[in-house]
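Comments concern the structure below.
The values are calculated or read from the model by the stated rules, or taken from the named source; none is laboratory data. In this text, all values refer to a predicted model and were calculated from it rather than measured experimentally. Positions of Cβ are generated from backbone atoms using ideal geometry, with glycine treated the same way; all protein chains shown enter the neighbour counts.
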């Protein structure tokens, strides 16, 4: 077992008013160049709305999954029943388009707004006026596991979409072009 610093955005759905400021600042922070555009479809956080219950649930992109989950559990909260997908943080779930870049189809996972210099807390937490989002850091005992980094995850997604040969040819062409430049 190893100690790992775990960064968590705690979500209090009872406090969320659905303003979606978290989506706007997230997409602006991750735009290239930074803050140049706002496109909530590119945000790493999404506010799900259940119109029948008038409930807003912010959900941020979590771990990558290769396949659709088999569970369709129902949760009962305060005598109300909710579908499991409303709370799901899975990145690149085949049953929905959340947390996928609309242009490239690559998964969008929350990185807690890692930046240089480091921010005290993610941007979505900073702009949340109702305190529906709060930030917490803690140390936990975790088993060490091999995980894909963002680059590997992105390449695997591209390979699934376009095939290994096409991705390899494209990388080779880019590599040759970069070497020629300089």
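Numerical summary
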{"item": "Some residue of the range 120-134 being free of Cβ contacts under 8 Å to residues at least 40 places away in the same chain and out of contact with any strand residue (DSSP E or B) (no Cβ under 7 Å at 6 or more places or on another chain)", "result": "yes"}
{"item": "Some residue of the range 156-174 being loosely packed, with under 10 Cβ neighbours inside 10 Å, modelled with pLDDT of 85 or more and outside the structural domain of residue 39 (by TED's automatic domain parsing)", "result": "yes"}
{"item": "Residue that is surrounded by the fewest Cβ atoms within 10 Å (Cβ to Cβ), among those in the range 138-150 that are at pLDDT 70 or above and under 18 Å from the mean Cα position of the chain (by Cα)", "result": "149"}
{"item": "Among the candidates 68, 23, residue that is modelled with pLDDT of 95 or more and either more than 19 Å from residue 122 (Cβ to Cβ) or assigned by TED's automatic domain parsing to the domain that holds residue 113 (or both)", "result": "23"}
{"item": "So residue 35, is it under 15 Å from the mean Cα position of the chain (by Cα), at pLDDT 85 or above and assigned by TED's automatic domain parsing to the domain that holds residue 122", "result": "no"}
{"item": "Selection within the range 102-119 - loosely packed, with under 15 Cβ neighbours inside 10 Å and out of contact with any helix residue (DSSP H, G or I) (no Cβ under 9 Å at 6 or more places or on another chain)", "result": "114, 116, 117, 118"}
{"item": "Qualifying residue in the range 89-110 (condition: under 19 Å from residue 20 (Cβ atoms), at pLDDT 90 or above and not assigned by TED's automatic domain parsing to the domain that holds residue 168)", "result": "yes"}
{"item": "Residues satisfying the stated conditions in the range 29-64, i.e. in a helix (DSSP H, G or I), closer than 14 Å to residue 127 by Cβ and in contact (Cβ under 8 Å) with a residue 40 or more places away in the chain", "result": "29"}
